[in-house]
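J.: Quick one: structure below, then a few questions.
Coordinate-derived values only; no laboratory data. Predicted model, so just to flag it, every value in this text is computed and none were measured. Glycine also receives a Cβ, built like all others from the backbone with ideal geometry; neighbour counts cover every protein chain displayed.
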Amino acid sequence: MLQNKCTLKKTHSIISWLSNILLAGILLSIGILLTGCKDSPLKDNRPAREITFALHPFETMSQHDVSDVYSALIKIYPSVKINESIKLPNGAWYAPRSRYRADSLIKYLSNKTPASHITIGLTSKDISTAKAGFADWGVIGLGYCPGKACVVSTYRLAGKDIASQLYKLCLHEWGHTLGLPHCAVSTCFMRDAEGKNPFNEETGFCNNCKAKLVVKGWHLN
Ligand SMILES: [Zn+2]
Ligand SMILES: [Zn+2]
């Protein structure tokens with residue numbers, strides 16, 4: 001009887017262990033495409049139309065991808081520049097998962113960002129942050145809301161039109177840095193990825209998000 005109970009207990013703990021693994025697997029697989037948005041204590045009292053967006057490629061980021069996304073972004077906002085490529089900071093390396101911590105990259109870039117600028121770091125390496133109760137969660141982008149810097153990664157982008165996905169991702173994180181939260185409109189660039197790749201469904205900023213950006217000097221039709 002005791003043996004039966006023990007066997008039953010053992011079976012239950014194996015089942016529970018397997019369920020936990022499965023749950024973690026599901027959460028991981030649905031979570032990998034999330035973009036992050038974190039509230040920031042920074043008050044967004046910067047005057048409209050006086051901000052320069054600086055693209056800051058990290059080593060290994062394709063220069064071709066950077067110039068492609070620059071050409072698309074400059075049509076939306078008149079003050080965009082490309083900074084020289086720099087090394088990824090060692091302090092942001094997260095050895096247990098062989099990737100870089102997005103929060104550390106943002107902090108690093110924020111410290112380098114002059115007044116009236118917003119920096120976007122671009123990397124081909126995998127990036128992560130703490131999210132949904134997980135200490136280290138892979139993301140495609142992270143921006144503080146509002147903030148002086150944000151970061152995007154091409155590592156998890158997949159499918160036909162990477163250039164278009166990178167463009168939409170940059171606009172999404174820029175939106176966060178200017179104080180825009182996630183948006184419930186499914187076609188809006190500010191929607192939360194919610195674990196999927198939303199880019200094919202996104203057609204532009206919705207009227208509500210657009211209005212907030214137009215007053216900041218964005219050229220949106
Ligand atoms: Zn977001
Ligand atoms: Zn919207």
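J.: What is the one condition in (1) surrounded by fewer than 20 Cβ atoms within 10 Å (Cβ to Cβ); (2) under 17 Å from the mean Cα position of the chain (by Cα); (3) part of a loop (DSSP other than H, G, I, E, B) that N221 does not satisfy?
T.: Unmet for N221, out of (1) surrounded by fewer than 20 Cβ atoms within 10 Å (Cβ to Cβ); (2) under 17 Å from the mean Cα position of the chain (by Cα); (3) part of a loop (DSSP other than H, G, I, E, B): (2).
J.: Next question, about the same structure. When only residues in region 123-163 that are in contact with a Phe, Trp or Tyr (Cβ under 7 Å, 6 or more places away or on another chain) and free of Cβ contacts under 8 Å to residues at least 40 places away in the same chain count, which is nearest to Q63 (Cα to Cα)?
T.: D126
J.: Any idea how many residues of region 201-216 are of a type in the set (D, E, K, R) and away from ligand 1 (no atom under 16 Å from the Cβ)?
T.: Total meeting the criteria: 2.
J.: Okay, moving on. Under the condition of being within 11 Å of ligand 1 (Cβ to nearest atom) and closer than 12 Å to K148 by Cβ, which residue from region 175-185 is nearest to the chain's Cα centre (by Cα)?
T.: Result: H176.
A quick yes/no check of all residues on (1) crowded, with 18+ Cβ neighbours inside 10 Å; (2) among the polar types (S, T, N, Q):
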site: S67; (1), (2): no, yes
site: Y77; (1), (2): yes, no
site: E84; (1), (2): no, no
site: S98; (1), (2): no, yes
site: A102; (1), (2): yes, no
site: K112; (1), (2): no, no
